[in-house]
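Below is one structure; the comments refer to it alone.
The values are calculated or read from the model by the stated rules, or taken from the named source; none is laboratory data. Please read these numbers as outputs of a predicted model, since none were measured by experiment. Neighbour counts run over all protein chains shown; Cβ positions are idealised from the backbone, glycine included. When the accessible area is computed, the model is the full protein with side chains, heavy atoms only, and any ligands, DNA or RNA have been set aside. Shrake-Rupley method; radii C 1.70, N 1.55, O 1.52, S 1.80 Å.
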Amino acid sequence: MSTPTFPKNQINMKFPMNLHLLLQNAELKGVSHIISWLSDGRSFKVHNKEKFSKFIMPKYFTASKYKSFQRSLNLWGFDTASKGPNKGVCAPHIRSLSEATRRRQT
C-alpha cells in the first residue's frame, strides 16, 4: 500500500491522516500486534516500538526515529500515559485538536 498524497492546502494534516489510516488498517495489514486501536475506539497503543520504527514508520511518516513520532503526537495534541496500567496509551487531548491545528499552521 502506498502512502496517500494530499492537496497542498492539506499538507499540514498529513500526520494525523496517516496515523488514522495506519490505525484503521492495522488489523487488515497484520500489524495490530505492533500498533492498534484500543477498545474505547479513541486511543491507541504502539505495542512494539522497535518494530514500529523499523517496519511501519517508513511507510507512513517522514520521521525515522520513534522519538520524532512521539514529538509529532505531542504537537498534534496527543497525550501518552507514562506510567500505571495505561502506560504507553496515546489519546487525543480533548481541547487540543483546534489548538494543534492552529499551532501547526503557524
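Points to keep in mind about this one:
- Leading residue by the ranking (modelled with the highest pLDDT) among those in segment 1-58 that are open to solvent by 40 Å² or more (accessible area, probe 1.4 Å) and of a type in the set (Ser, Thr, Tyr): Ser32
- Residue, nearest to Ile35 (Cα to Cα), within segment 59-73, restricted to residues that are open to solvent by 90 Å² or more (accessible area, probe 1.4 Å) and assigned to a helix (DSSP H, G or I): Lys59
- Which numbered condition Phe78 fails, given (1) buried (at least 18 other Cβ atoms within 10 Å of the Cβ); (2) out of contact with any strand residue (DSSP E or B) (no Cβ under 9 Å at 6 or more places or on another chain): (2)
- Where a residue in segment 22-43 is in contact (Cβ under 8 Å) with a residue 40 or more places away in the chain and its partner, wherever it lies, is of a type in the set (Gly, Ala, Ser), with Cβ under 6 Å and at least six apart: Arg42/Ala91; Ser43/Ala91
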